[in-house]
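So the structure is just underneath, and the comments pick up after that.
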Amino acid sequence: MQLMAEDGASYWRQNLLIIWISQFLTLMGFSFSLPFSPFYIRDVLGVSADAQIKMYAALATACASLSLAVMSPLWGILADRYGRKPMLLRANFAGSIIVALMGMAPNVSTFITLRMLQGLFTGTTTAAMTLIACGTPRNRQGLALGALSAAVYSGDMTGQFIGGLLVEWCGYRQAFFYSGLAIGFSGLLVLLLVRETFQRPQPVVKTSKGARDWDSTLSLLQSCLPLYALLLLSAFARSIDGSQFALFVEFLNGGPTVAGAARWTGRAAAAGCLGAMLAGLLIGRLLDRFRPSRVARSAALGATLAMFSIAIIPVHMRGMERVALDIGAFGLHFRDMAAPAVLALIPLRFLMIFCSAGLEPVMNVWLSKITPASQKGIVFGFAVTARSGGWIFGPLAGGTISVLWGVKAIYIIGPFFFLALVPMIGWVLRKIGSRLES
């Protein structure tokens with residue numbers, strides 16, 4: 001079986017650089033606005049009840065993931081048939097329009113509908129991963145996919161940091177418009193600068209050979225099921241607090257009546273994305289040299305301990321007297337007031353996301369290495385469906401926990417899902433080990 005990518009192998013470095021920049025801008029654009037959805041729902045769309053805000057925020061996130069799960073295999077099939085670059089362009093330009101329209105939503109039902117449309121027509125990260133995986137030599141895929149993960153999380157980090165300031169300076173609606181501009185510009189970079197040598201496969205006729213090809217695809221997808229299960233549980237664990245994180249920062253900051261929650265949400269989230277970016281850069285290099293399963297188990301244990309620490313240290317510091325900070329950089333200087341609980345959250349959030357993001361390059365490399373280049377689109381498409389299953393149920397579980405027991409309970413229950421990944425990684429490796437060696 002030919003597993004090494006051939007289309008574009010001679011200029012894979014150029015493509016990696018341009019797509020790295022494009023994904024940085026795309027995720028930065030998404031993060032200008034979407035992490036602050038709970039505040040947008042409350043302060044702009046007029047939902048006042050605390051329980052409704054939590055559930056609407058969770059529902060919006062879950063709807064986007066549900067529609068992404070449904071459509072990703074179809075986009076993967078189209079990528080294998082018509083090329084990976086067109087799928088990345090579709091995701092970028094559709095995302096640009098839909099996210100900008102969110103800034104004009106008149107009510108929460110329209111906003112949730114647009115979030116569902118976002119899931120139907122976007123999926124930029126998976127489209128980029130597929131394009132890079134198909135055009136990168138096998139012995140450099142750990143580096144390439146790890147670097148691309150770093151682009152995703154560094155863009156997310158930058159976007160959330162800037163977005164926290166942007167929503168306070170310009171308002172929530174304007175932040176969505178800036179999001180659309182950034183995503184659209186990243187699409188132009190791909191359109192003008194990314195190269196793809198793609199030979200469209202011949203139409204499949206209804207013969208015994210066509211039936212055998214379909215049977216081969218089904219067999220391949222069946223062999224990927226253990227990895228898909230691992231992807232689902234990992235995504236569930238990582239997203240369980242996603243829709244409620246802004247509310248958790250607000251809780252630590254002193255509640256809805258205390259100013260600065262959006263600003264500090266952006267800073268705390270940016271610290272987590274910085275951890276994810278460093279994880280992508282460091283672990284991507286290590287995967288081409290060392291045993292990935294050991295890296296993955298260590299990452300899962302680290303995420304377990306960091307998340308549980310969040311449930312203990314910042315929560316018990318809530319209510320302490322605020323401290324004044326003098327912040328200066330690049331010739332700018334300003335004074336800010338910070339809650340000690342939020343300051344304690346920032347390094348713990350960094351550690352939690354650093355460790356949990358270390359799982360992502362391992363799973364992407366395993367998936368790429370067991371998949372022929374001609375079938376990467378459909379395999380990565382179903383991988384998004386598996387991840388989206390976690391992204392659907394994780395936010396819904398987090399919202400339910402938050403409503404029933406309070407937002408801090410998420411950080412007591414959540415670590416057990418990271419801990420469950422440790423034995424599951426060993427089980428997956430036993431299932432796919434022979435294909436990794438072939």
Inset, instruction - Let me know the shape class of segment 81-184, please: from the alpha-carbon gyration tensor, a ≥ b ≥ c as square roots of the eigenvalues, rounded when a/c is under 1.5, otherwise prolate if a/b is greater than b/c, or oblate. - result: oblate
Inset, instruction - Find which of A386, P256, L404 sits farthest along the positive direction of the dipole of the chain, computed with +1 on the beta-carbon of Lys and Arg, -1 on that of Asp and Glu, about the Cα centre. - result: A386
Legend entry - Rounded, prolate or oblate (a/c below 1.5 giving rounded, otherwise prolate when a/b exceeds b/c) for segment 223-309 by Cα gyration tensor: prolate
Inset, instruction - Sort out for me the Cα centre separation of segment 64-78 from segment 408-438, rounded to whole Å. - result: 24
Legend entry - Relative contact order, percent, the chain [alpha-carbon distance under 8 Å, six or more residues apart]: 29
Legend entry - Residues with amide H under 5 Å from that of T136, placed H, sequence gap 5 or more: A5
Inset, instruction - Treating the angle as unsigned and between 0 and 90°, give the value, to the nearest 10°, between the Cα long axis of helix 225-239 and the longest Cα principal axis of the chain. - result: 20
Inset, instruction - Would you please classify the overall shape of segment 139-188 from the alpha carbon gyration tensor, given that a ≥ b ≥ c denote the square roots of the eigenvalues, rounded means a/c under 1.5, and beyond that prolate means a/b larger than b/c while oblate covers the rest? - result: oblate
Inset, instruction - Please give the helix 12-31 orientation as an angle from the longest Cα principal axis of the chain, in degrees from 0 to 90, rounded to the nearest 10. - result: 30
Legend entry - Unit charges at the beta carbon, dipole of segment 34-152: most positive-side option, A51, I112, T122: T122
Inset, instruction - Quick one: what are the phi-derived ³J(HN,Hα) couplings along segment 100-117, Karplus 6.51/-1.76/1.60 with θ = phi - 60°, whole Hz, x for glycine and proline? - result: 4, 5, 4, x, 10, 4, x, 7, 6, 5, 5, 4, 5, 4, 5, 5, 5, 5
Legend entry - Calculated Cα extents along the principal axes in Å (choose from (1) 58, 55, 42; (2) 71, 44, 43; (3) 55, 54, 49), label: (2)
Legend entry - Helix 124-134 vs. the chain, principal-axis angle (Cα, 0 to 90°, nearest 10): 30
Inset, instruction - Which order do the peptides 400-409, 247-256 take when ranked by the mean count of other beta-carbon atoms within 10 Å per residue, highest first? - result: 247-256, 400-409
Legend entry - the chain - charge dipole about Cα centre, Lys and Arg +1 at Cβ, Asp and Glu -1, debye rounded to 20: 1000
Legend entry - the chain, helix-only ellipticity at 222 nm - DSSP H runs n ≥ 4, -39,500 (n - 2.57), divided by all residues, nearest 500: -26000 deg cm²/dmol
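Since every read-out is calculated from the coordinates, none of them should be taken as a lab result. Owing to the predicted nature of the structure, the values given are computational and were not obtained by experimental measurement. All Cβ positions, even for glycine, are placed from backbone atoms using ideal geometry, and neighbour counts span all protein chains on display.
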